């Protein structure tokens with residue numbers, strides 16, 4: 001009975017020794033070996049052999065790890081309190097520094113992110129904080145990396161999850177947004193009216209120009225027509241005078257015919273509505289023409305036309 005118990009205890013000790021001697025490091029982790037409390041080395045994923053009761057193996061996760069912090073109240077440069085939280089994507093790049101340069105790098109990163117957030121938001125106004133998240137993320141990453149590098153931890157990126165101003169600030173921002181939209185609508189409306197007035201004025205101007213050009217062209221055409229009519233009338237008169245002159249010249253009139261024509265002209269003057277009668281200056285010639293005409297009439301036989309004298 002005692003031998004069986006001894007053998008059982010011996011087997012248990014062997015199992016414990018083997019368990020303390022052979023360890024397996026999973027993929028995504030690094031094994032840090034400490035011998036009697038002092039750093040001995042790091043082991044990659046795989047089987048690791050230790051000295052029982054002397055060596056100790058501690059696993060360190062070297063995968064990228066996202067951690068979202070709790071919301072915290074920060075005060076902006078214009079004295080507005082906002083609630084902010086962020087997600088930090090960090091990764092251990094040096095397991096020795098992560099274990100021995102800081103007591104707990106998870107807590108350290110969380111506290112560092114809180115203080116850095118307060119510092120960054122304290123230098124920005126509320127409008128800048130709401131509109132410049134990329135800038136905040138970049139500043140957070142830059143300032144935190146300057147500290148976490150000595151801890152063997154790399155900050156891959158930081159994303160601001162939420163920025164929540166107080167409700168009264170949100171109401172004021174909504175009113176401001178509404179006022180801006182109304183202002184923009186009024187500006188667009190006035191610009192449209194201005195453009196419409198400009199277009200109407202341009203149209204009236206173009207119409208006036210077209211009308212003036214049309215009137216000018218019509219006046220030119222009328223003047224050209226009058227000119228052509230005057231020329232044609234003058235040419236007609238000239239041709240008429242030439243025809244009359246030629247006919248008179250061809251007929252070879254004697255003084256008696258000329259006197260008759262003069263008397264006929266005087267009778268036409270007397271029959272006109274004009275109260276004034278034009279008397280030729282050569283009255284002696286006119287009286288002579290009358291005497292000659294009377295002589296012709298006396299010589300003519302009664303009841304017939306006067307006899308022709310001279311050559312026909």
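Values in this text are rule-based calculations from the coordinates and carry no lab data. Since the model is a prediction, treat every value here as computed from it, not as a measurement. Backbone-built Cβ (ideal geometry, glycine too); neighbour counts: all protein chains shown.
Based on alpha-carbon atoms, the Kirkwood radius and the radius of gyration of the stretch 188-251 give Rg/Rh equal to 1.65.
Shown here: the stretch 65-165, whose C-alpha atoms stretch 43, 20, 19 Å along the first, second and third principal axes, sorted largest to smallest. For residue 48 and residue 93, the difference between the fully extended length at 0.36 nm per residue and the C-alpha to C-alpha distance is 14.2 nm.
Semi-axis lengths, largest first, of the ellipsoid equivalent to the stretch 160-201 are 38, 10, 4 Å, with √(5λ) applied to each eigenvalue of the Cα gyration tensor. Projected label points at residue 170 and residue 243, each 7 Å from Cα along the beta carbon direction, are separated by 10.7 nanometres.
Estimated at 0.36 nm per residue, the fully extended path between residue 110 and residue 64 surpasses their Cα-Cα distance by 15.0 nm. Report, as a whole number in µm² per second, the diffusion coefficient that Stokes-Einstein gives for the stretch 100-145 at 20 °C and 1.002 mPa s using the Kirkwood radius over alpha carbon pairs. Taking Rh from Cα pairs, D becomes 186 µm²/s.
Subtracting the Cα-Cα distance of residue 189 and residue 224 from 0.36 nm times their residue separation leaves 7.5 nm of extension gain. Could you give me D for the stretch 2-61, from Stokes-Einstein at 4 °C and 1.567 mPa s, where the hydrodynamic radius is the Kirkwood radius over C-alpha pairs? Units µm² s⁻¹, please. For these conditions, the coefficient is 103 µm²/s.
Spacing of the modelled spin labels on residue 201 and residue 150, each 7 Å from Cα toward Cβ, amounts to 7.1 nm. Once C-alpha pairs closer than 8 Å and six or more residues apart are averaged by separation and normalised to the residue number of the stretch 65-165, the relative contact order reads 41 percent. Once R0 is set to 30 Å, what does the formula 1/(1 + (r/R0)^6) return for the Cβ-Cβ distance between residue 39 and residue 14, expressed as a FRET efficiency to the nearest 0.05? That gives a FRET efficiency of 0.55. Comparing Cα centroids, the stretch 168-196 and the stretch 83-155 end up 39 angstrom apart.
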